[in-house]
Amino acid sequence: MKSKLLVIGHGRHGKDTVCEILRDKYDYSFESSSQFCSKLFIYDQLKDKYMSLEQWMSDFTIDNNGTLEDLEFNVQQLMNNIDPHSVKDDL
């Protein structure tokens, strides 16, 4: 059984790239940090502005800075919402 890994870092600093390398070399599965956090709790804060998670992700990808100004995101909130046993991906 593989260990689960949490890859964290600043935006646009290669978290997904590292996960892609680990996936390709060691057969890990992963979900981008943006997608994971959006599904976990960020989208809940923005439901009134976006019709769907996909619309939010599209805007987030296009305009990373402007959209994030709307969020009250902090690491403690993320950690309070994660149950490591319920996460389906390895990374």
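Would you be able to tell me the number of residues in the stretch 46-58 that are surrounded by 14 or more Cβ atoms within 10 Å (Cβ to Cβ) and touching an Asp or Glu at 6+ places or on another chain (Cβ under 9 Å)?
Number of matching residues: 2.
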Residue list for the stretch 2-30, restricted to those being touching an Asp or Glu at 6+ places or on another chain (Cβ under 7 Å) and surrounded by fewer than 17 Cβ atoms within 10 Å (Cβ to Cβ):
LYS2, LYS4, LEU5, SER29
For PHE60, which of the numbered conditions (1) modelled with pLDDT of 75 or more; (2) out of contact with any Phe, Trp or Tyr (no Cβ under 9 Å at 6 or more places or on another chain) fails to hold?
(1)
Only one of SER52, SER34, SER38, SER29 is closer than 18 Å to SER3 by Cα and among the polar types (S, T, N, Q). Can you tell me which?
SER29
Any residue at all in the stretch 21-37 that's at pLDDT 90 or above, part of a helix (DSSP H, G or I), of a type in the set (A, V, I, L, M, F, W, C) and more than 18 Å from ILE82 (Cβ to Cβ)?
yes
Boolean, GLY14 is small (Gly, Ala, Ser) and at pLDDT below 85
no
Just the residues that are outside any loop (DSSP other than H, G, I, E, B) and within 12 Å of the chain's Cα centre (by Cα), please, taken from the stretch 2-18.
LYS15, ASP16
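The values are calculated or read from the model by the stated rules, or taken from the named source; none is laboratory data. Remember, predicted model here, so these are calculated numbers, not experimental data. In this analysis, Cβ positions are derived from the backbone assuming ideal geometry, glycine residues included, and neighbour counts consider all displayed protein chains.
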